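See below for the structure under consideration.
The values are calculated or read from the model by the stated rules, or taken from the named source; none is laboratory data. None of the values given here were measured: they were computed from a predicted structure. Note: ideal-geometry Cβ built from the backbone for every residue, glycine included; neighbour counts use all protein chains shown. Side chains are part of the model used for accessible areas, which takes the heavy atoms of the whole protein and leaves out ligands, DNA and RNA. Shrake-Rupley method; radii C 1.70, N 1.55, O 1.52, S 1.80 Å.
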Amino acid sequence: ITSSKVSFLGSEDLHEKEYQSMGKVFDLRASGSDFTGTYLSETFCPYRVAVYPSSSMHSDFETKSALMTTIGIASIFVFTIMVFALYDFLVERRQKFLAEQAHKSTAIVSSLFPKIVRDRLFDDNDRNGNAKRGLQNFLSHPPKLDQEDGMSNDRPIADLFKNATVMFGDIAGFTAWSSTRQPTEVFILLETLYSAFDRIATQMGVFKVETIGDCYVAVTGLPNVQADHHMRMVRFARRCLDEMIVVTKELEVTLGPDTSNLGFRVGLHSGAVTAGVLRGQKARFQIFGDTVNMAARMESTGIRNRIQISQSTAELLEQDGRDHWFHKRDDIVQAKGKGQVQTYWIRTKSSSAGKMEDTLESKETHMSNTNPRASSHHRGNNSVPKRRNNQTLIDWQVALLSRLIKQIVAHRGRQTTQLLSNLVTKEVLPRELIAEKISMPEFSHEKSKRCLEATSVELPEVVLQQLKDLVTAIALLYNDNSFHNFNHACHVTMTANKLLSRVVVPIEQNTDEIMKEAHDFSYGLTSDPLTQFAIVFSALIHDLEHPGVTNGQLVEEENRLATLYHGESVAEQHSIDLTLELLAGSDYKDLVSCICANEEEFARFRQLVINCVLATDVFDKELLAMRNSRWEKAFSTGNKHGDTFDFKATIVIEHLIQAADVGHTMQHWHVYQKWNEKLFAEMCESHKAGRGPVKAPAETWYQGELWFFDNYIIPLARKLKDCGVFGVNSDECLMYALENRKEWESKGHQVVAELMEKYCNGN
C-alpha cells in the first residue's frame, strides 16, 4: 500500500519477519461506514487485515541527523571540559613548581643567612613587586659606586654586635688522613661530622657561619642578642668535641684505619663582631673583626681534643661564676700579630685522656703471647685480637672484603659453585710458580652489567662468619713488630683499594661501549672482580709472620725459613704458604667456594696472590730484572710484541701492589714520617738484638732514604703515571713522592737526630 495505490504481491503472508512486532491487525469493516456501497458486517465480511511496515518504508523514513547533532554537541562539550581540565592541570603544575622553587629559594637563603637578615632581605626587596628578582640582584651584584665620592648608592645589610663569642674548630690530622683516602671517603667524613655539628648548633641556638676546608666556624651573640653567649659557646664546643669522638669511632669501620685517631682542635674568643651580608658572587652572611682573628689564633695554637679560650672569654665565664670550667694554660702562647698572650683550657672529658700529641695512631696494647705461629693452629676461631684496636681494623677489613666478594658473586651470576679440595701445592715453592703474565678474562657485557647490582647481593651468613674468622686469624698471625705488623697491612690494603678505585670507577647509566672501553683501557681490571679481590687480599697478607728483619739477615743467620725457600724472597714466600694453608683448611671451605666457583678460578686466584706478594720483594735482583723486562715488553715505545694485553695487565697489577706497599712515601709528609719512624724503630730493635747490619741504622738512614726515593719510589710513581691507568691518582702519587723527597732532603738530618734520641739512646 503506497498512499492510495495498492500492489498485489501474492497470495501468501509475505510481510518481513523482523517487523513482526510492529504490525497492526483489524477487521475489514467499519461501524457506520460503507466501503463498497454495501453494508459490511461480521456476517457478510468475516475478513481481517494485517498491516506491517517494510524495509523500503524504513529506508524512506530513517534519518541520522538527530544522532549526528547529538554526537556533535556532546563532542564539543567533552572537548571544552578537557580544555578546561588541561588548563587547570597546567596552572596547578605551574603553581606547584613555583611553590617548590620558592621553598628551595627560601631554604637556600635560610641556610646562608639568619632569620633576622633573611627577613630584612625579603622586606627590602619586596617593594618593587618582584621580591625574587630584587633579592637576586641585591645578592649577586656588587653595590654601585657614586662617581663623585666613591660611596655605594645601595645600603648594605651589616651590623655591629658588641657581645659575641666566635669558635674555630679544626680537625687535627685531617690533611694527612685525607691523603690516604678516596675523595668520596673524605666527603663522607666531613658531611657526617658537620651534619652532627649543625644539629647541635640548631638545638643550642648557635649560628653556623661557614666551613673552610676542615675548619668549622660558629658564633653566638648574633644575629640575636644572647646574654649567655660565652657559656652557650663553651657548651657547644664541648658537645662538638664529644660528638667528634663518637662519630670518628663509628666511621672507622667504613673509612678505615686511623679514622678514630682524628682529633678536634677548638679555639674561642669573645668580643665585638661586625656581621652582615657580603654581596657579590656566592654572597653569604659573614663575620669580621679582631675577635674573629683572635678566635682563629686560639684554634691554631691549641692542642688536639682541647678547647682553648682567650683571656676575655675566661673573664666572662669568671664573672658568671663559671671559673671551675677552665684552668690556666701552663705556657704562654705566641699568637701571630698579637705577641705573647695568656690562654686557658676548658675542662672536658677528653682533656683528661692525655691526648696531647697530633699523631694519627693511638697507643697499642700488646698481648704477652709473642708467638703468633702457635695461633695458626686455631684457625676458624673468633679469637680475641692481640691489640686493643685490632677488632675495629678486623671489622673494616671484613666490610671491605665482603663488598668485593659481592662483586664476584654478582659477576658470576647463576654459575654453579663447587666445594674445592687439594688447594695446597706443597711440592712447589711459590717462587717457582711466579708467572710472566697472567691471563685476564675476556670482556662480557652481561657480567659487567650484573656487577652494577652487587649491592643487592646477600652473602650467606656462614660465608660472612668464615670471612670474619679468616681475617681474625690473619691478624693473629702478624708479629708485634714496629713496622711490619697488622696495622701496616691495613694501611697497605687501604692504599691498594684507593688505587683500585681510581681504575674501577662505577659509571651510572653504563653502556656497553663505555664498559668495553673501560675494560680495554684498564687491561681488564675494571671488569674482573676476582682480580680486584686478589689484589686487596694480597695487600692484607703480604707480611704474615714477618720476623722483623730483612731477608738478607735471615739468609745470613741460616734461618730454617731461609733454608726452606733457598734464600730467595724468604718472608714473602712464607706469607704465601701460610695463606694458602689457611684457605685449604675446612674451616673456610664455604668462603673459598664463594670466592672461586671451581678449581680453575682458584688456580687463577692463587697465581694473582703469588705474583702480587712476590712483587713486594723489591730488593731481589732477579725479580727486579724480570719486572723491568716485562715493563719493556709491555710499555716500551715501538714494541711489536703480539700479545701485550696480559703483559700490561700483569705489570699494572704488580706495580699497584708495590705502590701500595710503600704508599706512605707517596702520601702526606706526616703519614710518611709516621711510618718512616716505625721502620726506623724496627731496624733499631733488630740492630740492638744483633740481627742487623754492623752499622747502626742512624748512620745510613738519611742517605738511605734519599737513595730509596731516587732509585725506587720516584721511578715507581712515574711508572704509575706512564701506564696511563690510574688517572689523576698517579699525578698525586708522584707529587707527594717529590715533595716528601724534598722535605726529607731539608729536614732529614734533624729527623734522624730526633729518632736517634728516641730509639738509640735508651729513651
Problem set entry | Estimated vicinal HN-Hα couplings, Hz - segment 243-251 in sequence order (Karplus 6.51, -1.76, 1.60; Gly, Pro = x) | 5, 4, 5, 5, 5, 5, 5, 5, 7
Exercise. Taking the Cβ of Gly704 as the center, what net charge do the other residues with Cβ under 15 Å away carry, scoring Lys and Arg +1 and Asp and Glu -1?
Worked result: -4
Exercise. Per the 1.4 Å probe, what fraction of the accessible area of segment 545-666, in percent, lies on carbon and sulfur atoms?
Worked result: 49 percent
Problem set entry | For Glu210, distant residues with modelled amide H under 5 Å away | Val217
Problem set entry | Charge dipole (segment 682-751, unit charges on Cβ, about Cα centre) - positive-most of Met735, Ile714, Gly724 | Ile714
Exercise. Of Ser575, Val536, Ile514, which is farthest on the positive side of the dipole of segment 486-584, counting Cα position, with +1 on Lys and Arg Cβ, -1 on Asp and Glu Cβ, and the Cα centre as origin?
Worked result: Ile514
For this session: Pop out the carbon and sulfur fraction of the accessible area of segment 175-256 as a percent, whole number, probe 1.4 Å.
Result: 55 percent
Exercise. So which GluC sites (Glu not before Pro) in segment 477-571 are both in a DSSP loop and have at most 11 other Cβ atoms within 10 Å of their Cβ?
Worked result: Glu508, Glu558
Exercise. For segment 680-744, what relative contact order do you get, as a whole percent, if you take Cα pairs closer than 8 Å and at least 6 residues apart?
Worked result: 27 percent
Exercise. If you plug each phi of segment 265-270 into the Karplus form 6.51 cos²θ - 1.76 cosθ + 1.60 with θ = phi - 60°, what whole-Hz ³J(HN,Hα) values come out, in order, with x for Gly and Pro?
Worked result: 9, 10, x, 10, 8, 10
Exercise. Nearest-5 percent of antiparallel DSSP beta bridges in segment 204-335?
Worked result: 75 percent
For this session: Determine ³J(HN,Hα), in whole Hz, for all residues of segment 48-57 in sequence, where each value follows from phi through the Karplus function 6.51 cos²θ - 1.76 cosθ + 1.60 and θ = phi - 60°; x replaces Gly and Pro.
Result: 10, 10, 10, 10, 10, x, 10, 5, 5, 5
